[in-house]
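Only the coordinates and a few stated rules stand behind these numbers; no lab work does. Please read all numbers here as calculations on a predicted model, not as lab measurements. Here the Cβ is made from the backbone with ideal geometry for all residues, glycine too, and neighbour counts use every protein chain on show.
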Amino acid sequence: MQFQGQILKMITQNAKPIQYFLNLSSDLINMNQLIGKKITLKHVGYECVNCGNDEKIYRMGFCKRCFFESPYASETIIRPELSTAHLGIGERNLEVEESIQLVPHIVYLAYTGDVKVGVTRETQIPTRWIDQGATFAIPIAKTQNRYEAGMIEVALKEHFADKTNWRKMLEDDYEDDLDLADFREKVQEYFPEEFKNYYSIDHEMCKLDYPYVAPEKINSFTLDKKPEFEGILQGIKGQYLSFEGGDFINIRGHEGYVIEMKIE
């Protein structure tokens, strides 16, 4: 079988194990069914996720112009504490920013090789945790907008990481008795005084099951440095495909790339 199209991040379904679907233009390919098969990937072009032009991807699937102009790539995507839509102030497009920022958000703890703090829209649970490759996750607060969640995250970042160490995440090494509920109890004292009322203990810890076994070694590659690659798919975790021999590719890191994909 052979496919060609623009890469978007894999679509997931929270099952046991998690089901992954490669979003390749109009084709959704069930990647779980391809575990054990040889896959060839060939980079043949670009397609910006915003304007659709065949221009080199700058970041997050956007060409350079769109990355600096699109409201879907604004700084508040990375730094929610900078949100201003709740004040009626737009950064790039207030209408779009209101749809993203003025909705309930969850502040959470997740284990991705280390315990980290994160923020996401309530509707993105558990998708956000799966995309990060979290083994465990637990909500610790629910806020009315993105700014409030961002301010809580800023305070907690003084005590926890806020970014995933991809290598540790893929090493898949954790203690069986790890309980994020214990961490949740400790973090309450770190909440900013004006947001303490958002602290919550209403949720149980979520454990996520991936079609994945960690290899002995981990080597990541990109299609920029290796425009053609073939290997036997061994597993999937986060947005990473794991191939025989310890080769990994971050699918989300290749959004906007156009590839030819051959399955044998």
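Only residues that are exposed (fewer than 15 other Cβ atoms within 10 Å of the Cβ) and within 21 Å of the chain's Cα centre (by Cα) were counted in the stretch 83-102, giving 1. Would the stretch 229-246 turn up any residue that is surrounded by fewer than 15 Cβ atoms within 10 Å (Cβ to Cβ) and among the hydrophobic types (A, V, I, L, M, F, W, C)? No, the stretch 229-246 has no match at all.
For the stretch 195-220, the set of residues classified as surrounded by fewer than 10 Cβ atoms within 10 Å (Cβ to Cβ) and either touching a residue at least 40 places away in the same chain (Cβ under 8 Å) or under 28 Å from Gln13 (Cβ atoms) (or both) consists of Asp202 only.
Has the stretch 170-188 got at least one residue that is closer than 13 Å to Gly238 by Cβ, part of a helix (DSSP H, G or I) and under 20 Å from the mean Cα position of the chain (by Cα)? Yes, the conditions are met somewhere in the stretch 170-188. Of the helices (runs of 4 or more DSSP H) lying entirely inside the stretch 6-119, those carrying at least 1 residues that are β-branched (Val, Ile, Thr) are 75-78, 94-101.
Here the stretch 125-172 is the region considered, the condition is being more than 27 Å from His86 (Cα to Cα) and of a type in the set (Gly, Ala, Ser), and the residue that is surrounded by the most Cβ atoms within 10 Å (Cβ to Cβ) is Ala134. Within the stretch 1-30, being under 18 Å from the mean Cα position of the chain (by Cα) and more than 14 Å from His254 (Cβ to Cβ) holds for Ile11, Thr12, Gln13, Asn14, Ala15, Pro17, Ile18, Gln19, Tyr20, Phe21. All of (1) assigned to a strand (DSSP E or B); (2) out of contact with any strand residue (DSSP E or B) (no Cβ under 8 Å at 6 or more places or on another chain) hold for Phe229 with one exception: (2).
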